[in-house]
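Comments concern the structure below.
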Amino acid sequence: GGSITIGQAHDSVAAKTAAGDVRVSFAAVPGRTSSVETSGGGITLVLPAGAAVDLDAKANGGTVKSDLPVTATLTESGRNWGELTGKINDGGPKLRLRTSAGNIVIKQAAGKE
């Protein structure tokens, strides 16, 4: 249990905690599948401009918000603010985000367009 902070991540990340927030900042576009999980906290993910991933984010008891455009197909059962699945910048490696008691926020790194 405890919070996790990862800065300047390259290629892929696998982070899991039972109690705490997780913050991951990618310095480079993820090249492989990444997974971030927490049971008692939120997730903040920062992606560089142009990052292309297949997003699979679920926040049981919270919401998912992305500052980056996500191409998603909603189904009747998928109209849930706590779930967002789709492609960022035409997709790429899978980015799996899970929390059971918190929010998920996806941001673009500042200063790089």
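Table for the structure above
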read-out: Environment charge at Gly102 (Cβ cut-off 15 Å; Lys +1, Arg +1, Asp -1, Glu -1); value: +2
read-out: Accessible area of the chain divided out per residue, in Å², using a probe of 1.4 angstrom; value: 54 Å²
read-out: Sites excluded, trypsin sites (Lys or Arg not before Pro) in DSSP loops with at most 12 other C-beta within 10 Å, longest stretch of the chain; value: 33-78
read-out: Carbon plus sulfur fraction of accessible area for the chain, probe 1.4 Å, in percent; value: 48 percent
read-out: Per-residue ³J(HN,Hα) for the stretch 93-103, Karplus 6.51 cos²θ - 1.76 cosθ + 1.60, θ = phi - 60°, Hz, x for Gly and Pro; value: x, 6, 10, 9, 10, 9, 9, 10, 7, x, 9
read-out: Environment charge at Leu68 (Cβ cut-off 11 Å; Lys +1, Arg +1, Asp -1, Glu -1); value: +2
read-out: Lysine pairs with alpha-carbon atoms under 19 Å apart, the chain, spacing 8 or more or separate chains; value: 10
read-out: log₁₀ of I(q)/I(0) at q = 0.21 Å⁻¹ - the stretch 17-68, Debye sum with one point per alpha carbon; value: -0.85
read-out: Convex hull volume per residue in cubic angstrom - Cα atoms of the chain; value: 80 Å³
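The values are calculated or read from the model by the stated rules, or taken from the named source; none is laboratory data. Worth saying up front: this structure is predicted, and the values here are computed from it rather than measured. Neighbour counts are summed over all protein chains in view; Cβ atoms, including those assigned to glycine, are modelled from backbone coordinates with ideal geometry. Quick note on the areas: whole protein, heavy atoms, side chains included, nothing else; ligands and nucleic acids left out. Shrake-Rupley method; radii C 1.70, N 1.55, O 1.52, S 1.80 Å.
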